[in-house]
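Student: This structure is in C-alpha cells; I'll ask about it shortly.
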Amino acid sequence: MTRRAFTLCSCALALLGSSGVARAQGGPPYLTTDPGTPGNGNWEINIAAAPTTRQGVASYQLPQIDVNFGLGGRIQLSYEIPYIVQTSAGAPTQSGWSNALTGVKWRFLDHGEDGWQISTFPQIQTGSTTAARAKGIAGNGPRLLLPVEIARKVGPLDLNFEGGYFFPWHGQPERILGLLAGRSLTTRLEVDGEVYNDRAMGDLPRDTTFDFGGRCKVHRGFILLFMAGRSFSGSASGQPEFIGYFGVQVLLSKFGKTLSEDP
C-alpha cells in the first residue's frame, strides 16, 4: 500500500473511531461482505444503481439486483445479477444482463455481536451469452468464488474483513481483499469506510479502491444505501475514477409476510 493510501486509511479510521456505538456490517452498499445472515425465514432484497467510471469508459449497473434468504440462524441463500449499460468514447452504447452470482453463506463461528464471527460464502459466477461477452458487458464463466468473512468489534469500531479467490474454468484466477470499518451516528444512520483490492493474476482488473458510505433507515423494513469512492491511483492508470452504489434495501420477515422492524 502506498503512503497516500495509508494516510487516507488512517484518517478514515480516526474519524470513524470517535465516540459512538459501532454497528458496521459489510454487504450492500459495500464490496466487502460480512458474516451476517438475514435470520430464519427472512428476506433481504437490495435494488440499486451502481456506476463505475474509468478513463474513456463508463459502466452502469441499472439495476443491480441482490436477493438473500435466511435458512436457520446461520445460513443464507443468495442470488445477484446486474443489468449493464456501458458507454465508451467513439463506440455505441452496449447493454444487457451480465454474469450472475449464486451461493450459500455459512457463519460457522459466532461469539455474539461483540465477539468473533467468521463465515464462508462459496458462490458460482455463471457464464454469459456470446453476445454479452462480445459487447464487453460480461466475462467468461463459470467461476467459483471461495471467500472467508471475519467480523470483530474493536473498541468503538466494528471491523469486517473478507479475503477470497476466484477459480475459473477458463481464464486467469482472481483475488479479492476487503476491509470495512464503521459506526452508528444515530439509531437510524450508520457510516462506514472501506478499502478494497481486486486483482486478477496476469490480467485485468488490478484495482485498489477506497470509499465511504452508509445506511439510513427511512421506514420499517426500508433502508437507503449509499456509497461513493475511487481508486488510489490517478486516472491514467486505468483504475476506477469513480465507484458508487445508490439503492434501497427491503427487509421481510416471516417468509416475506411482513416488513421487518430492524435490520
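Student: Would you tally the residues in the stretch 121-149 being part of a loop (DSSP other than H, G, I, E, B) and among the β-branched types (V, I, T)?
Tutor: Summing the residues that are part of a loop (DSSP other than H, G, I, E, B) and among the β-branched types (V, I, T) in the stretch 121-149 gives 3.
Student: Also, I was wondering about something else. Can you tell me how many residues in the stretch 227-263 are farther than 22 Å from E174 by Cα, in contact with a Lys or Arg (Cβ under 8 Å, 6 or more places away or on another chain) and buried (at least 17 other Cβ atoms within 10 Å of the Cβ)?
Tutor: So the answer is 2.
Student: A follow-up question, please. Determine which single condition N160 fails, assuming it passes every other condition in (1) farther than 23 Å from V248 by Cβ; (2) of a type in the set (S, T, N, Q); (3) crowded, with 22+ Cβ neighbours inside 10 Å.
Tutor: The failed condition is (1).
Student: From G171, G202, grab the single residue that is of a type in the set (G, A, S), under 23 Å from F121 (Cα atoms) and free of Cβ contacts under 8 Å to residues at least 40 places away in the same chain. Walk me through it before giving the result.
Tutor: Working: G202 fails: under 23 Å from F121 (Cα atoms).
That would be G171, the only listed residue that is of a type in the set (G, A, S), under 23 Å from F121 (Cα atoms) and free of Cβ contacts under 8 Å to residues at least 40 places away in the same chain.
Student: Would you be able to tell me the number of residues in the stretch 102-131 that are hydrophobic (A, V, I, L, M, F, W, C) and either in contact with a helix residue (DSSP H, G or I) (Cβ under 6 Å, 6 or more places away or on another chain) or surrounded by 19 or more Cβ atoms within 10 Å (Cβ to Cβ) (or both)?
Tutor: Residues that pass the stated criteria total 1.
Student: Does the stretch 44-53 include one or more residues that are part of a strand (DSSP E or B) and over 19 Å from the mean Cα position of the chain (by Cα)?
Tutor: For the stretch 44-53, residues part of a strand (DSSP E or B) and over 19 Å from the mean Cα position of the chain (by Cα): absent.
Student: Quick test for you: out of I176, I118, pick the one residue that is over 24 Å from I243 (Cα atoms), at pLDDT 90 or above and either in a strand (DSSP E or B) or not aromatic (F, W, Y) (or both).
Tutor: I118
Student: Same structure, new question: Just give me the residues in the stretch 186-213 being crowded, with 19+ Cβ neighbours inside 10 Å, closer than 30 Å to S260 by Cα and in contact with an Asp or Glu (Cβ under 8 Å, 6 or more places away or on another chain), in sequence order.
Tutor: G193, E194, D211, G213
Student: Quick one: is G136 modelled with pLDDT under 85 and either at negative phi or not aromatic (F, W, Y) (or both)? Quick ask: steps written out before the conclusion?
Tutor: Working: modelled with pLDDT under 85: yes; either at negative phi or not aromatic (F, W, Y) (or both): yes.
When the stated conditions are applied, G136 passes them.
Student: Of everything in the stretch 155-173, what is in a loop (DSSP other than H, G, I, E, B) and closer than 19 Å to R206 by Cβ? Give them in sequence order.
Tutor: If the condition is that a residue be in a loop (DSSP other than H, G, I, E, B) and closer than 19 Å to R206 by Cβ, then G171, Q172, P173 are the ones that fit.
Student: Give the residue, chosen from R183, R152, that is out of contact with any Cys (no Cβ under 6 Å at 6 or more places or on another chain), part of a strand (DSSP E or B) and either crowded, with 19+ Cβ neighbours inside 10 Å or at pLDDT below 85 (or both).
Tutor: Of R183, R152, the one residue that is out of contact with any Cys (no Cβ under 6 Å at 6 or more places or on another chain), part of a strand (DSSP E or B) and either crowded, with 19+ Cβ neighbours inside 10 Å or at pLDDT below 85 (or both) is R183.
Student: From (1) more than 22 Å from I176 (Cβ to Cβ); (2) at pLDDT 95 or above; (3) of a type in the set (S, T, Y), pick out the condition that doesn't hold for T7.
Tutor: Answer for T7: the failing condition is (2).
Yes/no matrix, rows are residues, columns are (1) in contact with a Leu (Cβ under 6 Å, 6 or more places away or on another chain); (2) closer than 16 Å to G26 by Cα:
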| position | (1), (2) |
| --- | --- |
| N197 | yes, yes |
| T208 | no, no |
| D211 | no, yes |
| R230 | no, no |
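Student: Looking only at the stretch 102-115, count how many residues are modelled with pLDDT of 95 or more and under 21 Å from the mean Cα position of the chain (by Cα).
Tutor: Total satisfying the criteria: 7.
Student: Could I ask something else about it? Just the residues that are under 14 Å from Q123 (Cβ atoms), of a type in the set (G, A, S) and not in a loop (DSSP other than H, G, I, E, B), please, taken from the stretch 74-110.
Tutor: Across the stretch 74-110, the qualifying residues are S78, G103.
Student: Follow-up question, since we're still on this one. Select, from T53, T32, the only residue that is among the hydroxyl-bearing types (S, T, Y) and modelled with pLDDT of 95 or more.
Tutor: Details: T53 fails: modelled with pLDDT of 95 or more.
Unique residue meeting the criteria: T32.
Student: Six or more apart or on different chains, Cβ atoms under 9 Å: show the pairs whose first residue is in the stretch 56-73 and outside any strand (DSSP E or B) and whose second is charged (D, E, K, R).
Tutor: Sorted first by the residue in the stretch 56-73, then by its partner, the pairs are G73/R107; G73/D110.
The values are calculated or read from the model by the stated rules, or taken from the named source; none is laboratory data. These numbers come from a predicted model, not from an experiment. Every residue, glycine as well, gets a Cβ built from its backbone with ideal geometry; the counts of neighbours run over all protein chains shown.
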